[in-house]
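Visitor: Take this structure, written in structure tokens, and hold onto it; I'll ask about it next.
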Amino acid sequence: MDVQYIHFVWDEVKNRQNLRKHLVSFNEARTAFFDEKARVTHDPDHSDTEDRFLLLGMSRRLRLLLVCHCYRVNEEQIRIISARKATAAESRLYGRSLDA
């Protein structure tokens, strides 16, 4: 995915809620998409009404984040749904991808 041409969108109310709950803004979460080592997986548990995906990547603040998102407009737009710091298990998964 060539993220330099991707447009990011989100609900500003949801962004403020996410920042209060997880201490991660969607603006920071957006930067994790530029991590060349980021991993993206489908999120079947939360894809009832739309296909949702999880991105595990390093933000520009050097925090490993898990970002729930979906693609819109022929995959040229990413809607960020939620973001949080990665758990220890997710961090190990990310570390294994660096070793590969």
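The values are calculated or read from the model by the stated rules, or taken from the named source; none is laboratory data. Since the model is a prediction, treat every value here as computed from it, not as a measurement. Here the Cβ positions follow ideal geometry from the backbone for every residue, glycine too, while neighbour counts run over all protein chains shown.
Visitor: Which of the following residues is in contact (Cβ under 8 Å) with a residue 40 or more places away in the chain and assigned to a helix (DSSP H, G or I): PHE33, PHE8?
Guide: PHE33
Visitor: Being at negative phi, crowded, with 19+ Cβ neighbours inside 10 Å and of a type outside the set (Lys, Arg) is the requirement here; does ALA38 meet it?
Guide: When the stated conditions are applied, ALA38 passes them.
Visitor: Filter region 61-90 down to the residues that are among the hydroxyl-bearing types (Ser, Thr, Tyr), modelled with pLDDT of 95 or more and more than 12 Å from ARG30 (Cα to Cα) and list them by number.
Guide: THR87
Visitor: Return only the number of the condition from (1) of a type in the set (Phe, Trp, Tyr); (2) in contact (Cβ under 8 Å) with a residue 24 or more places away in the chain; (3) under 19 Å from PHE8 (Cβ atoms) that TYR71 does not satisfy.
Guide: Answer for TYR71: the failing condition is (2).
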